[in-house]
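Peer 1: This is the structure, below, for whatever I ask next.
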Amino acid sequence: GLRQEVDRRFGVERRSKRRAVVKRGAAVPLAVPGDGVDAATRGAVEATYLDTIDALEKIFEWRPYVLGERPAEADFGLFGSMFRHFASDPAPARVMRARAPGVYEWVARLWNARPARFAGAPLPDAIPDDLGALLAIVTQAYLPYLEANAQALAQSGKRVRYEALAWERHANDHR
């Protein structure tokens, strides 16, 4: 499947890690409790956020958008959570600006995007070779969640158990 193809093409190493963001000696929460983040899920969610902005920062060192010189579906797919949950919330926005300023700038570029600005920009003609870390996060963290959530909803489940990062939350019909 897609996960195996990403692993093969980009040499993805499977591992789990937990990192804390520390400010003045205390962990700074990076996620909103009402969005399914609680004491049990916080570590996995925050580690995934940090991994994601690290992967994106490396991409934006070379180009303004995920696939090239103009926004593509990949940008808009990532933009929703980056804008709503991270760039607009004070704690994760502070982390994003300090740790991944290129990501913060990308959020602003997309927020201000106008079609006329990209009329002459080339469409991507290939998938860039530096997407391995980002695709690994998508295939190891997000796709298993979407699949588990869809299964829970299909069975009228109220909760979804998300094994990839070992957390549980309410099934959500708008993910």
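Peer 1: Hey, any hits in the range 77-91 for a residue that's farther than 22 Å from residue 142 by Cα, open to solvent by 20 Å² or more (accessible area, probe 1.4 Å) and at pLDDT below 90?
Peer 2: Within the range 77-91 (the criterion being farther than 22 Å from residue 142 by Cα, open to solvent by 20 Å² or more (accessible area, probe 1.4 Å) and at pLDDT below 90), the answer is yes, since at least one residue qualifies.
Peer 1: Filter the range 62-76 down to residues that are open to solvent by less than 60 Å² (accessible area, probe 1.4 Å) and assigned to a helix (DSSP H, G or I) and give me whichever is nearest to residue 127 (Cα to Cα).
Peer 2: Ranking the candidates gives 74 first.
Peer 1: Here is a follow-up. What tally of residues in the range 108-132 results from selecting those that are outside any loop (DSSP other than H, G, I, E, B), closer than 16 Å to residue 62 by Cα and open to solvent by 60 Å² or more (accessible area, probe 1.4 Å)?
Peer 2: The qualifying residues number 1.
The values are calculated or read from the model by the stated rules, or taken from the named source; none is laboratory data. Note that the structure is predicted; figures quoted are calculated from it, not measured. Protein only, heavy atoms only, side chains kept; ligands, DNA and RNA dropped before computing areas. Shrake-Rupley method; radii C 1.70, N 1.55, O 1.52, S 1.80 Å.
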